[in-house]
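**Q** Can you read through this structure? Questions will come right after.
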Amino acid sequence: MKTSLVAGGAGFIGSHLCEALLKRGHKVVAVDSLISGRKSNLHSPVFTKHKRQFTFLKKDIIKPFDVKCDFVFNFASPASPPHYQVHSIYTLRTGSEGTRNLLEIAKRHQARFLHASTSEVYGDPAVHPQPETYWGNVNSIGIRSCYDEAKRYAEALIMEYWRKEGVDTRMIRIFNTYGPRLDPDDGRVVSNYIKQALQGRPLTVFGDGGQTRSFQYVDDLVAAIFKVMFTPGLAGEVFNTGNPGEFTVLQAAKLVKKLTRSPSPIVYQPLPKDDPTRRKPDISKIKRRLGWTPKIKFEDGLKRTIAWYMLNEIKV
């Protein structure tokens, strides 16, 4: 039985990844500091059914540790503005020291390593849509730089571990992802609008609402993660993972309002500093090389996410 180490395993994406790995027959060791992750994310029937294969360790990857494993998945980091701006130095250390500690584990045990990078490495892009070859347009001293630059540094470090240390590393750059277990307080477009709509509060649209996002359902992302990690011969590669369907944030607000049947009005607020105006992945590389494309339409994924919020998070 293969063993997978999932850093950030109690997070939104990490917990879905742990479930999928357990279903695949892996022994899974989830590591999380619980700064932004939740142990409640690990209480689904899948974890109960496979409890002998699953271990949770409350650990901070900033501090060196060791787990014997075959695969290392690095999903550890605060990933939403309210979290990483409050924990800014911690976020930078997670991307630097934490990533190095995980790379050392992979090197020690000759494990394959996959890193969850982000579309934020492209900043406020001057190229649209964004291919993996685009170097980005990032404010390295702005209020979002603690996250953006932590991820960019991690990418550079990972590539050197591949070039100089022989570690089989792969990276994915994740575009906006949503689904069940997305923290209602994480400050992202989908979670904000669902929470506001279900609570009958105004839906806040920043700027004129014309800025765009591409929304990827979490199940599609997990399928892409598996393609990138378990396909041989991809050492040193980076792939965009996202849904190229492009929506304005105003369109997203109106769709959530419609699906929740909420009477909430839409109100406008000033655009936050360094907020990207356009975001859309070029997924031609992962489609061509690995045959992956997202399957879940935005409206269908929203229905599933809203249903989960109503059941588990927000009582109307």
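The values are calculated or read from the model by the stated rules, or taken from the named source; none is laboratory data. Predicted model only: the values in this text are computed from it and were never measured. Here the Cβ is made from the backbone with ideal geometry for all residues, glycine too, and neighbour counts use every protein chain on show.
**Q** Pairs needed: first member in the stretch 36-56, at pLDDT 95 or above; second member anywhere, among the small types (Gly, Ala, Ser) and in a helix (DSSP H, G or I); C-beta distance under 6 Å; at least 6 residues apart or different chains.
**A** As it stands, the answer is Asn41/Ser15; Leu42/Ser15, since those pairs meet every condition given.
**Q** Within the stretch 146-187, can you find the residues that are out of contact with any strand residue (DSSP E or B) (no Cβ under 6 Å at 6 or more places or on another chain), part of a loop (DSSP other than H, G, I, E, B) and of a type in the set (D, E, K, R)?
**A** Arg181, Asp183, Asp185, Asp186
**Q** Moving to a separate point now. Would you list the strands (runs of 3 or more DSSP E) that sit entirely within the stretch 188-271 and hold 2 or more residues that are in contact with a strand residue (DSSP E or B) (Cβ under 8 Å, 6 or more places away or on another chain) and among the β-branched types (Val, Ile, Thr)?
**A** 203-206, 237-241, 266-269
**Q** A further question follows. Can you tell me which of (1) in contact with a helix residue (DSSP H, G or I) (Cβ under 7 Å, 6 or more places away or on another chain); (2) under 26 Å from Arg100 (Cα atoms); (3) at pLDDT 95 or above is the one Ser33 doesn't meet?
**A** (1)
**Q** Restricting to the stretch 48-93, give me the number of residues that are of a type in the set (A, V, I, L, M), buried (at least 18 other Cβ atoms within 10 Å of the Cβ) and assigned to a helix (DSSP H, G or I).
**A** Matching residues across the stretch 48-93 total 1.
**Q** If you check Arg181, Arg201, Arg163, which single one turns out to be under 22 Å from Phe12 (Cα atoms) and either among the charged types (D, E, K, R) or buried (at least 21 other Cβ atoms within 10 Å of the Cβ) (or both)?
**A** The unique qualifying residue is Arg181.
**Q** Thr133 fails exactly one of the following numbered conditions: (1) surrounded by 18 or more Cβ atoms within 10 Å (Cβ to Cβ); (2) of a type outside the set (Lys, Arg); (3) modelled with pLDDT of 95 or more; (4) not in a helix (DSSP H, G or I). What is the number of that condition?
**A** (1)
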